[in-house]
Amino acid sequence: VYQRAFGMADAEHGRPLREDSVMYAASFTKAMFATLVMQLEKEGVLDLDKSIENMLPKPLSDYEKYSDLSGDERWKKITPRMLLSHTSGLPNWRWFEPGEKLRIYFTPGQRYAYSGEGINLLQFVLENGLKLDVGDLMHKRVFHRYGMQRTSMVWQPQYAGDIAIGHDEKGVALGHKQRGSARAAGSADASLIDMASFMRAMIRRDGMPKTQFNT
């Protein structure tokens with residue numbers, strides 16, 4: 001109904017924000033990734049309520065990245081639904097934790113606690129258990145499908161001409177990190193036009209299994 005950009009993309013150089021300016025999609029990436037997961041669920045590629053233990057070729061704690069969970073068998077209770085709904089018991093980010101150690105804070109499924117680690121764990125399970133390329137699937141099944149021409153899970157050189165640069169509370173430019181690997185919890189860059197296209201697709205429930213849409 002209404003779409004318009006306001007403010008500055010680069011205050012120091014007086015460059016205004018445009019509707020096709022590329023900026024961090026940040027945690028909106030999680031919603032886009034969830035869309036991919038729900039498409040896979042609709043096609044029977046994964047079961048939202050089956051333990052991730054059944055999707056991995058070896059125990060999660062045997063992987064170096066998740067070795068901190070060795071001795072805590074509660075990881076076996078974690079399901080894709082819990083990871084998507086932030087009820088896995090994992091913290092937001094391990095680097096905020098004492099010694100930067102990953103741990104499970106409560107029995108998975110017991111309550112809500114926002115977790116970027118949980119979203120990235122689901123990406124890990126899809127890639128290492130189901131052998132899927134999440135970055136490639138996001139491009140084909142989400143960005144291309146919904147007409148998101150200036151959205152990517154990793155940095156694209158063509159974005160350099162019109163990037164919205166973040167600023168701190170004193171107005172100092174923070175620049176824009178050129179991410180080189182796909183991270184489901186927040187690596188995407190996107191434009192306002194593309195995010196509006198994504199939101200419209202969600203309202204239409206385009207590609208979404210209607211019985212699971214409120215998950």
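The values are calculated or read from the model by the stated rules, or taken from the named source; none is laboratory data. Small disclaimer: the values here were computed from a predicted structure and weren't measured. Every residue, glycine among them, receives a Cβ derived from its backbone with ideal geometry; neighbour counts consider all protein chains shown. Keep in mind that these areas ignore ligands, DNA and RNA; they rest on the heavy atoms of the full protein, side chains included. Shrake-Rupley method; radii C 1.70, N 1.55, O 1.52, S 1.80 Å.
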### Query
Out of curiosity, is GLU53 open to solvent by 60 Å² or more (accessible area, probe 1.4 Å) and either at pLDDT below 95 or farther than 18 Å from LYS30 by Cα (or both)?
yes
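From the list GLY71, GLY116, GLY89, exactly one residue is out of contact with any helix residue (DSSP H, G or I) (no Cβ under 6 Å at 6 or more places or on another chain) and exposed (fewer than 13 other Cβ atoms within 10 Å of the Cβ). Which is it? It would help to see each step written out before you state the result.
Details: GLY116 fails: exposed (fewer than 13 other Cβ atoms within 10 Å of the Cβ); GLY89 fails: exposed (fewer than 13 other Cβ atoms within 10 Å of the Cβ).
Step by step, each of GLY71, GLY116, GLY89 is checked, and only GLY71 is out of contact with any helix residue (DSSP H, G or I) (no Cβ under 6 Å at 6 or more places or on another chain) and exposed (fewer than 13 other Cβ atoms within 10 Å of the Cβ).
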### Query
Which members of region 137-187 meet the condition of being assigned to a helix (DSSP H, G or I) and under 14 Å from the mean Cα position of the chain (by Cα)?
LEU137, MET138, HIS139, VAL142, PHE143
### Task
All but one of (1) over 27 Å from TYR114 (Cβ atoms); (2) at pLDDT 95 or above; (3) surrounded by 15 or more Cβ atoms within 10 Å (Cβ to Cβ) hold for ARG15, so report the exception by its number.
(2)
### Query
Here are ASP194, ASP162: which of them is out of contact with any helix residue (DSSP H, G or I) (no Cβ under 7 Å at 6 or more places or on another chain) and at pLDDT below 95?
ASP162
### Task
Could you check GLN158 against (1) open to solvent by 60 Å² or more (accessible area, probe 1.4 Å); (2) out of contact with any Ser or Thr (no Cβ under 9 Å at 6 or more places or on another chain); (3) in contact (Cβ under 8 Å) with a residue 40 or more places away in the chain and say which number it fails?
(3)
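Can you find a residue in region 119-132 that is among the small types (Gly, Ala, Ser), part of a helix (DSSP H, G or I) and either within 24 Å of TYR66 (Cα to Cα) or open to solvent by 60 Å² or more (accessible area, probe 1.4 Å) (or both)?
Of all residues in region 119-132, those among the small types (Gly, Ala, Ser) come to 129.
Now restrict to residues that are part of a helix (DSSP H, G or I): none.
Taking every residue of region 119-132 in turn, none turns out to be among the small types (Gly, Ala, Ser), part of a helix (DSSP H, G or I) and either within 24 Å of TYR66 (Cα to Cα) or open to solvent by 60 Å² or more (accessible area, probe 1.4 Å) (or both).
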### Message
For region 20-42: of the residues being open to solvent by 60 Å² or more (accessible area, probe 1.4 Å) and of a type outside the set (Lys, Arg), which is nearest to the chain's Cα centre (by Cα)?
### Response
PHE28
### Task
Find all pairs meeting these conditions: Cβ atoms under 9 angstrom apart; at least six residues apart or on different chains; first residue within region 105-116 and touching a residue at least 60 places away in the same chain (Cβ under 8 Å); second residue open to solvent by 30 Å² or more (accessible area, probe 1.4 Å).
GLY116/SER27; GLY116/ASN92; GLY116/TRP93; GLY116/ARG183
#### Entry: Residue check, ASP20 within 15 Å of SER152 (Cβ to Cβ) and of a type in the set (D, E, K, R)
yes
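Give region 197-207 a look and list any residue that's more than 17 Å from the chain's Cα centre (by Cα) and either open to solvent by less than 30 Å² (accessible area, probe 1.4 Å) or in contact (Cβ under 8 Å) with a residue 60 or more places away in the chain (or both), or say none.
Residues satisfying the conditions are SER197, ALA201, ASP206, GLY207.
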### Task
Please find, within region 25-53, the residue that is nearest to ASN128 (Cα to Cα) out of those that are of a type in the set (Ser, Thr, Tyr) and in contact with a Ser or Thr (Cβ under 9 Å, 6 or more places away or on another chain).
SER51
